[in-house]
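*Asks:* Next up is a structure, given as C-alpha cells.
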Amino acid sequence: MEETIINQARLCGIMDSVPSFSHENHGRQFYRFVLAVERLSGTVDRLNVLTDWELLDAADLCPGEWVAVTGQVRSYNEVTPTGRHLRISVYAEDLDGLCERADNRIELTGVLCKDPVYRRTPLGREICDVMLAVNRPYHRTDYVPCIFWGRTARTVALCSVGDRLHLTGRLQSREYVKTLADGTTTRRTAFEVSAITAETVETPAYEPEMSAL
C-alpha cells in the first residue's frame with residue numbers, strides 16, 4: 001500500500017531575529033530565523049524557521065514584522081561538544097506578511113519509534129510523550145517529539161512502537177535546565193508538538209528505520 005505523507009505546518013507570528021546563514025545544499029543557500037508566536041495564554045513560543053534564500057529575498061521581510069509561514073516540520077541531529085542534539089524547525093515552503101494575528105497549526109502522520117512515556121504532573125494532569133517518525137519522499141524521515149494530554153494521553157500510552165498516528169496540534173518551545181556530566185547546569189530549549197487530537201491509522205508497507213534516530 002502506498003503511503004500518504006502528511007506533514008503540514010502553518011505559523012503566523014513576529015520575526016524575532018535577523019535571518020542568518022544555515023547551510024548550502026545543491027547550490028541553494030538556506031537561512032534560519034526565529035518566529036515569535038504568542039499563545040492564547042500570553043506565553044510566547046520562539047520557533048526556528050528554515051527557508052531558501054530566494055524565498056526569503058522575494059518576501060522582503062524585516063525583524064519586528066508579522067510573518068506567515070507555510071511548510072513542514074523538520075528535524076536534524078546536531079553534533080556538539082556536549083553530544084548529539086535533535087533540532088526541530090519549520091521548513092518554509094511559502095512566506096508572506098499577510099497576517100496580523102498569531103496562528104500555530106500542525107498536522108502530522110507518523111510512526112512511533114520509541115515506547116510512549118506516560119506520567120502525571122504534581123497536580124495530577126495526565127501526560128504522554130512520544131517520538132514520531134514522519135516520512136519524507138525518497139525514504140527520508142523527520143523525528144518529531146510530541147506530547148499528549150488528558151484522555152488523549154491515556155489512549156496514546158496504550159500504543160506500541162510501529163503504531164501509526166495522525167495528529168493535529170501546535171509547535172511549542174519549552175525552556176529547561178540540563179545537568180551535565182561534570183555536575184554543571186545549562187539552560188536549553190526543547191521543541192515539541194503539543195497535540196490536540198490523535199488517532200491511530202493503518203500502517204503502510206514501508207516504515208522508517210527505527211534505529212535511524
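The values are calculated or read from the model by the stated rules, or taken from the named source; none is laboratory data. Keep in mind that this is a model prediction, so the values were computed, not measured. Every residue, glycine among them, receives a Cβ derived from its backbone with ideal geometry; neighbour counts consider all protein chains shown. We work out accessible area using only protein heavy atoms, side chains counted, and drop any ligands, DNA or RNA first. Shrake-Rupley method; radii C 1.70, N 1.55, O 1.52, S 1.80 Å.
*Asks:* Of the residues in the stretch 189-199, how many are open to solvent by less than 50 Å² (accessible area, probe 1.4 Å) and either closer than 24 Å to Val44 by Cβ or without any contact (Cβ under 8 Å) to a residue 12 or more places away in the chain (or both)?
*Replies:* Total meeting the criteria: 6.
*Asks:* From the list Val34, Val49, Val67, exactly one residue is touching a residue at least 40 places away in the same chain (Cβ under 8 Å) and in contact with a Lys or Arg (Cβ under 8 Å, 6 or more places away or on another chain). Which is it?
*Replies:* Answer to the selection: Val49.
*Asks:* Still on this model: Only one of (1) farther than 13 Å from Val193 by Cβ; (2) at pLDDT below 95 is not met by Arg174, so which one is it?
*Replies:* Looking at each condition in turn, Arg174 falls short on (1).
*Asks:* Also, I was wondering about something else. Out of all the residues in the stretch 152-185, which are in contact (Cβ under 8 Å) with a residue 24 or more places away in the chain and among the β-branched types (Val, Ile, Thr)?
*Replies:* Residues satisfying the conditions are Thr152, Thr155, Val156, Val161, Thr168.
*Asks:* Same structure, new question: Does Leu86 satisfy the condition of being part of a strand (DSSP E or B) and under 26 Å from Asp163 (Cβ atoms)?
*Replies:* yes
*Asks:* OK, next. Just a yes or no: is a residue in the stretch 48-64 touching a Cys at 6+ places or on another chain (Cβ under 8 Å), open to solvent by less than 80 Å² (accessible area, probe 1.4 Å), more than 16 Å from Pro145 (Cβ to Cβ) and not in a loop (DSSP other than H, G, I, E, B)?
*Replies:* No, the stretch 48-64 contains no residue that is touching a Cys at 6+ places or on another chain (Cβ under 8 Å), open to solvent by less than 80 Å² (accessible area, probe 1.4 Å), more than 16 Å from Pro145 (Cβ to Cβ) and not in a loop (DSSP other than H, G, I, E, B).
Table: residues versus (1) part of a strand (DSSP E or B); (2) closer than 30 Å to Thr184 by Cβ.
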residue: Ile5; (1), (2): no, no
residue: Arg10; (1), (2): yes, no
residue: Gly13; (1), (2): yes, no
residue: Phe21; (1), (2): yes, no
residue: Gly42; (1), (2): no, no
residue: Arg46; (1), (2): yes, yes
residue: Gly71; (1), (2): yes, no
residue: Val79; (1), (2): yes, yes
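*Asks:* I would also like to ask the following. If you go through the stretch 25-45 one residue at a time, do you hit one that is farther than 25 Å from Lys178 by Cα, surrounded by fewer than 17 Cβ atoms within 10 Å (Cβ to Cβ), of a type in the set (Ser, Thr, Tyr) and at pLDDT below 95?
*Replies:* yes
*Asks:* Looking only at the stretch 117-140, filter to residues that are surrounded by fewer than 20 Cβ atoms within 10 Å (Cβ to Cβ) and touching an Asp or Glu at 6+ places or on another chain (Cβ under 7 Å); which one of those is modelled with the lowest pLDDT?
*Replies:* Among those that are surrounded by fewer than 20 Cβ atoms within 10 Å (Cβ to Cβ) and touching an Asp or Glu at 6+ places or on another chain (Cβ under 7 Å), it is Arg136.
*Asks:* Being at pLDDT below 95 and of a type in the set (Asp, Glu) is the filter; apply it to the stretch 1-23 and report the residue that is least open to solvent (accessible area, probe 1.4 Å).
*Replies:* The extreme case among them is Glu3.
*Asks:* Would you point out the residue of the stretch 93-116, among those that are more than 27 Å from Val201 (Cα to Cα) and either open to solvent by less than 30 Å² (accessible area, probe 1.4 Å) or modelled with pLDDT under 95 (or both), that is nearest to the chain's Cα centre (by Cα)?
*Replies:* Filtering the stretch 93-116 for residues that are more than 27 Å from Val201 (Cα to Cα) and either open to solvent by less than 30 Å² (accessible area, probe 1.4 Å) or modelled with pLDDT under 95 (or both), the one nearest to the chain's Cα centre (by Cα) comes out as Leu95.
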